[in-house]
Amino acid sequence: MSVAGEERKLVEMAWDPVTRIIGNLGIYTKIDFKNREVVECRSTSSLFRGYSVFMKGKDPRDAGFITSRICGICGDNHTTCSIYAQNMAYGIKNPVLAEYIVNLGEAAEYMFDHAIFQDNLVFVDFCERMVKETNPSLLEKAERTPAPHAHIHGFRTIADLMRSFNPFVGETYREALQMSRLTREMFCLMEGRHVHPSTLYPGGVGTVASPQVFTDYQSRLLEFMDFVKRMVPMNDDVFDFFYEALPGYEEVGRRRVMLGCWGAFQDPDVVDYRYEHMTDWGRAMYVTPGIVLDGELITTDLVEINLGMRILLGSSYYDDWEEEEMFVERDPLGNPVHRRHPWNQTTLPRPQKRDLEGGNYSWVMSPRWYQQQTGDHLALDTGGGPLARLWSTALAGLVDTPWVTATGHSVKIRLPRSRRFPETELEWKIPRWANTLERDRARAYFVAYAAAMAVHFLARALDRVQQGDVKVFQEFAVPDEAIGCGFHEAVRGVLSHHLVIRDGKIANYHPYPPTPWNASPRDSFGTPGPYEDACQGLPIFEENGEADFKGIDIMRTVRSFDPCLPCGVHMYSGKAKILERRHSPMLGSFSPPGDRRHP
Amino acid sequence: MKKTTSPLTVGKPDVRPSLPSHVPGVREGNQPGSLKRSDGIVDHGTHAVATGRRSTGLNAREREPIDPRMPKLTPP
């Protein structure tokens, strides 16, 4: 949709902060209303990520408890990842039963977080009241379109489905809230407390592996199964309707397929947390780590993934660390480790004024993955988490359990019989695009994936308990000098923790959650980050004109990545100017006219 | 550890982050030998089993399963 040789009239539009997400994300765009296209986009964060600064000098055993506080919704992913990194540093592995307990807790977290984000936050962008305000003719069509899976979810038309998404009053919205309580209970049974676990430590867990704890989990899981079996076809119906009713909608939020997944759910029979064996135990994970480029899986090797990580600056408020200390020159296999790798990073914050025109404009750095064959620094995204996880797992074809099977082109998910529905098989097929709707669709399927894997882990764990195993903890001594790295999947995508221990204390610690990857600004090569890339060139389908523009297509795109900006700490800003102008696509009646910004 | 300089203006610290979080003499839960000292757990390396002592401190030896082949389940 580029318009060459013609003067374009660009209108600046800003959404800062973006609502219904966590943290301070600002999206600054230039829109060509005549040609209905977003021409330029910049994503900014006014949060400073300071964990790497204040972790230095602390007892490494505290790392899991401290880094959990990075996030108020996926803190346990950080604890788990930190434990993986610490286990490597201490040279230990969790007992089998402990590993299943961690896997069950993490599965509950995926079910909880994806379901609440999809049904209570994402679906507000697709609900009847929102569509009525942004695309009235689409709603009219939805009223006349029968829902293909009405016999499963019970909503006759697509408009009925959209009405069930209405916040606070819609049936799906309210049911999802109840389900979030159930899944949190499941989580707490395994990890003690949501969202900062109290029973997860390096070397194992403090959860007492009694038969009761597993059966309590199981009864809740089966109740949740009924919800999953209705939710997945519901998602398919809505997203298929958008493709059909708005031809060209596949271009919304579309970017080159450049997905990263760092793997989840360790296989306790294979994992030993030794760096030397990381390739093998990485591939044995029940969500296969991998990098998908243009639809091809270019690696599933965690060692290669680890060594390719580069943290670039370019538009971020930091000084470079080129002159600082190198902590790890070679990995335990003897491979050279780059200066821009998290193991060798030193965070040097440099607060400054935001400059969106060619200067620095974000506290987020620009993590990239260096592809050795081409020499490119790839701005990988996570597809909101599930898209990358399912894509990588499907292509690798390594996961083969009674409940989840990767076929090489799809992922088959079997869900056991539950109260209202018989045994059900779902199949997530690799989509043609990495776009807004596919990121959202994958989220629903990954809830089913996590539920099915939980059935598998439960059976294996109960089997061990019934044989009389009670071991959930492995003792260890903290070494004076060690390094470690942990790879996991936070709910919204890749998560890594890199740790260096000296004198028994933390000498360097760098957590890299998904949002720095997704929300990164332009790097030192000028490559835009994934949010920016996905929004630039985005066609506008909203029927509103410039005067009452809500930016719904942009918001759907940004939210499809499941943005989560609190991976840092608030910085004291002294007497800084308080920004009061904002523009958020709130529901009309709640949004006073003064709240809108129309430059 | 090399100390890095930061351009951030910060207040006077009220803690010393380099203070040891462990007081010498106090037993650490993670230290080798902890499992052996845990009452009612017999460690076998890759797995561990419970004894009646895990459920009660009173006449624990009288509270073992009737049949030694039975699993000694952890109390809820």
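The values are calculated or read from the model by the stated rules, or taken from the named source; none is laboratory data. Just so it is clear, the model here is predicted, and its values are computed rather than measured. No Cβ is skipped: glycine too gets one built from the backbone with ideal geometry, and neighbour counts run over all protein chains shown.
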Please determine, by comparing only the residues of segment B:30-74 that are closer than 20 Å to A:V96 by Cα and exposed (fewer than 12 other Cβ atoms within 10 Å of the Cβ), which one is nearest to the other protein chains (Cβ to nearest Cβ). B:P32
Note: among A:V337, A:V328, just one is in contact with a Leu (Cβ under 8 Å, 6 or more places away or on another chain), modelled with pLDDT of 95 or more and aliphatic (A, V, I, L, M), namely A:V337
Looking at A:T527, A:T557 in this structure, which one is among the hydroxyl-bearing types (S, T, Y), over 23 Å from A:G263 (Cβ atoms), outside any strand (DSSP E or B) and touching a Gly at 6+ places or on another chain (Cβ under 8 Å)? A:T557
Tell me, please, whether a residue that is among the hydroxyl-bearing types (S, T, Y), in a helix (DSSP H, G or I) and within 14 Å of another protein chain (Cβ to nearest Cβ) can be found in segment A:81-102. yes
Name every residue in segment A:204-237 that is more than 24 Å from the chain's Cα centre (by Cα), closer than 30 Å to A:F473 by Cα and in a helix (DSSP H, G or I), in order of residue number. A:P211, A:Q212, A:V213, A:F214, A:T215, A:D216, A:Y217, A:Q218, A:S219, A:R220, A:L222
Condition test on A:F476, is it among the hydrophobic types (A, V, I, L, M, F, W, C) and within 13 Å of chain B (Cβ to nearest Cβ)? yes
When the residues of segment A:163-219 are filtered to those that are among the small types (G, A, S) and touching an Asp or Glu at 6+ places or on another chain (Cβ under 7 Å), which remaining residue is farthest from A:D237 (Cα to Cα)? A:G203
Which condition number does A:S198 fail, the rest of (1) farther than 26 Å from A:W428 by Cα; (2) small (G, A, S); (3) assigned to a helix (DSSP H, G or I) being met? (3)
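Specify which of the listed residues (A:R439, A:R414, A:R419) is under 28 Å from A:C261 (Cβ atoms), in contact (Cβ under 8 Å) with a residue 12 or more places away in the chain and not in a strand (DSSP E or B).
Among A:R439, A:R414, A:R419, only A:R439 is under 28 Å from A:C261 (Cβ atoms), in contact (Cβ under 8 Å) with a residue 12 or more places away in the chain and not in a strand (DSSP E or B).
Report yes if A:S418 is closer than 22 Å to A:H151 by Cα, touching a Phe, Trp or Tyr at 6+ places or on another chain (Cβ under 9 Å) and of a type in the set (S, T, Y), otherwise no.
Spelling it out, A:S418 is indeed closer than 22 Å to A:H151 by Cα, touching a Phe, Trp or Tyr at 6+ places or on another chain (Cβ under 9 Å) and of a type in the set (S, T, Y).
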Is it true that some residue in segment A:40-47 is surrounded by 20 or more Cβ atoms within 10 Å (Cβ to Cβ), assigned to a helix (DSSP H, G or I) and at pLDDT 85 or above? no
Could you tell me whether segment A:462-478 includes any residue that is within 21 Å of the chain's Cα centre (by Cα), of a type outside the set (D, E) and modelled with pLDDT of 95 or more? no
Considering only segment A:49-63, I want to know if a residue exists there that is more than 14 Å from chain B (Cβ to nearest Cβ) and in contact with a strand residue (DSSP E or B) (Cβ under 8 Å, 6 or more places away or on another chain). no
